[in-house]
């Protein structure tokens, strides 16, 4: 996937501590990278994989028990 002209987005909830990820959605798929390691290769997912991940987040599939 060519990410040369990708539009990277960072969550508005991200703080300034550098522990953030950025996402670029393209026609070919979805790329995810760590803001501290922008020169390293991004993780690439299909649109179906990304959609399944987002659905899991919304459904609480990844919630941690903090009690």
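Observations, loosely collected:
- Helix-only arithmetic for the chain: the sum of -39500 (n - 2.57) across DSSP H runs with n ≥ 4, divided by the residue total, places the mean residue ellipticity at 222 nm at -5500 deg cm²/dmol.
- Taking the C-alpha atoms only, the angle from helix 47-58 to the longest principal axis of the chain is near 30 degrees.
- Rounded if a/c under 1.5, otherwise prolate or oblate - the chain, Cα gyration tensor axes: oblate
- Whole-number percent relative contact order across the chain, with pairs defined as alpha carbons under 8 Å at least 6 apart: 20
- On the basis of the beta-carbon distance and an R0 of 25 Å, residue 5 and residue 58 show a calculated FRET efficiency of 0.25.
Where a number appears in this text, it was derived from the coordinates with a stated rule and is not lab data. Remember, predicted model here, so these are calculated numbers, not experimental data. Note: ideal-geometry Cβ built from the backbone for every residue, glycine included; neighbour counts use all protein chains shown.
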